[in-house]
Amino acid sequence: MRVPFVSFLPLEKELDSQLHAAFERVLSASWYIEGKEDQAFEEEFAKYIGTGFCCGCGNGLDALMLALKALGIGEGDEVIVPANTYIATALAVSYVGAKPVLVDPRLDTCNIDVTRIEEAITDKTKAVMPVHLYGQACEMDAILEIAKKHDLLIIEDCAQAHGATYKGVKVGSFGDAAGFSFYPGKNLGALGDAGATVSNDEKLIEKVRALGNYGSDYKYHHIYKGNNSRLDEIQAAFLRAKLPLMEKVNEDRRRVAGRYMEGIKNPLIQLPVVIPEAVPVWHIFGVRCERRDELERFLTGQEIGVNKHYPIPIHLQECYADLGYKEGDFPAAEEISSTELSLPMYYGMTDDEIDYVIDKINQFQ
């Protein structure tokens with residue numbers, strides 16, 4: 001049996017008529033930027049997340065960068081980010097001229113270790129950017145308490161966590177702002193690049209919108225040195241078609257994760273840990289294995305698609321050599337990067353496919 005790492009086909013087949021209708025709607029309207037589809041999606045997504053406002057943009061990186069920029073973070077400032085995350089988190093900080101300051105993750109959850117945040121705070125620290133990695137919420141109570149104590153802003157990176165909750169509240173609604181990615185592989189994915197910034201601060205979202213539209217509040221009037229990052233009408237329409245199925249998609253991913261958690265019994269495999277009162281959406285189901293590369297070769301040989309998130313930690317990336325970090329500075333991030341392997345996870349996985357993956361993992365020795 002062949003099991004891909006990800007497949008879009010089950011969801012696209014289920015939404016075939018809705019996706020075609022979305023395309024026809026945009027084509028018939030002959031309006032492709034900043035139109036009714038964009039406006040409607042922003043309202044619908046803000047309501048889904050539980051925030052007052054939303055601004056669509058070009059991608060998840062821009063969603064974070066525009067939020068930072070709108071909050072006034074820039075040259076000379078520092079922003080705390082987890083050492084274990086996709087590089088876009090750090091890049092968003094760099095793009096506004098600020099410095100990303102890394103903090104090691106917890107080994108069990110792979111999310112930022114909240115007990116290490118305060119030791120990274122300096123008089124230049126302006127914000128903390130928790131990443132709800134793999135679709136599991138961070139420990140937001142502790143992060144909110146630290147931010148309040150030190151007068152820090154919170155920008156949530158929710159690129160992998162559409163619909164994930166902590167204590168019954170959806171991530172993206174805790175901080176001053178949050179960024180989402182709608183890259184096609186996300187739980188809520190467009191059919192191309194797309195992203196959004198959400199917040200309960202209407203003026204902040206208005207500034208994000210202006211910054212993403214060349215710094216313009218109305219045509220040919222530029223109040224900021226902005227960027228070009230807007231959500232296309234066609235992608236907004238596709239996202240509107242998918243959004244009503246968001247909870248169904250997430251629940252199905254929990255079904256797959258539950259089967260993995262119950263069925264994988266190999267002592268060489270360390271399963272993910274979920275923090276109390278968090279409900280993940282399992283964008284990634286990452287296991288850890290000391291012989292990760294051997295496990296990868298074994299599963300690939302059995303035609304099971306796998307991936308690594310992420311094999312080179314940020315502090316060891318060539319582009320961030322200027323931060324002055326060295327090997328050994330973030331031991332937890334380095335251990336995760338050398339042991340993590342992501343298993344197949346997507347909406348519509350069949351029981352036979354799940355059983356096959358479990359069976360082969362349990363055979364590894």
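The values are calculated or read from the model by the stated rules, or taken from the named source; none is laboratory data. Because the structure is a prediction, the values reported are computed rather than measured. For neighbour counting, all protein chains shown are included, and Cβ atoms are generated from backbone atoms with ideal geometry for every residue, glycine included. Keep in mind that these areas ignore ligands, DNA and RNA; they rest on the heavy atoms of the full protein, side chains included. Shrake-Rupley method; radii C 1.70, N 1.55, O 1.52, S 1.80 Å.
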- [ ] Could you list all residues from region 196-213 that are open to solvent by 10 Å² or more (accessible area, probe 1.4 Å) and in a helix (DSSP H, G or I)?
- [x] GLU202, LYS203, LEU204, GLU206, LYS207, ARG209
TODO: Specify which of the listed residues (ASP141, ASP193) is touching a residue at least 40 places away in the same chain (Cβ under 8 Å), open to solvent by 60 Å² or more (accessible area, probe 1.4 Å) and either part of a helix (DSSP H, G or I) or closer than 29 Å to PHE238 by Cα (or both).
DONE: ASP193
Task: ASP217 more than 22 Å from TYR346 (Cβ to Cβ) and at pLDDT below 95 - done: yes
- [ ] Return yes when GLY163 is part of a loop (DSSP other than H, G, I, E, B), open to solvent by 10 Å² or more (accessible area, probe 1.4 Å) and within 30 Å of GLN235 (Cβ to Cβ) and no when it is not.
- [x] no
Task: Single condition ASP217 does not satisfy, out of (1) surrounded by fewer than 18 Cβ atoms within 10 Å (Cβ to Cβ); (2) of a type in the set (Asp, Glu); (3) in a helix (DSSP H, G or I) - done: (3)
Open item on the list: Any residue that is under 22 Å from the mean Cα position of the chain (by Cα), of a type outside the set (Gly, Ala, Ser) and open to solvent by less than 20 Å² (accessible area, probe 1.4 Å) - is there at least one of those in region 8-16?
Closed with: no
Task: Leading residue by the ranking (surrounded by the fewest Cβ atoms within 10 Å (Cβ to Cβ)) among those in region 249-262 that are touching a residue at least 24 places away in the same chain (Cβ under 8 Å) and closer than 11 Å to GLY163 by Cβ - done: ARG254
Task: The lone exception for TYR183 - which of (1) closer than 25 Å to MET246 by Cα; (2) open to solvent by 70 Å² or more (accessible area, probe 1.4 Å); (3) more than 13 Å from the chain's Cα centre (by Cα) it fails - done: (3)
Task: Subset tally (residues that are open to solvent by 70 Å² or more (accessible area, probe 1.4 Å) and within 30 Å of SER181 (Cα to Cα)) for region 263-296 - done: 4
Task: Count of residues meeting criterion [surrounded by 14 or more Cβ atoms within 10 Å (Cβ to Cβ), acidic (Asp, Glu) and either outside any helix (DSSP H, G or I) or in contact with a Cys (Cβ under 6 Å, 6 or more places away or on another chain) (or both)] in region 305-359 - done: 2
Task: Subset of region 83-97 that is in contact with a helix residue (DSSP H, G or I) (Cβ under 7 Å, 6 or more places away or on another chain) and not β-branched (Val, Ile, Thr) - its residue that is farthest from LEU144 (Cα to Cα) - done: TYR95
Task: Residues of region 14-31 satisfying the condition of being touching a residue at least 40 places away in the same chain (Cβ under 8 Å) and of a type outside the set (A, V, I, L, M, F, W, C) - done: GLU14, GLN18, ARG25
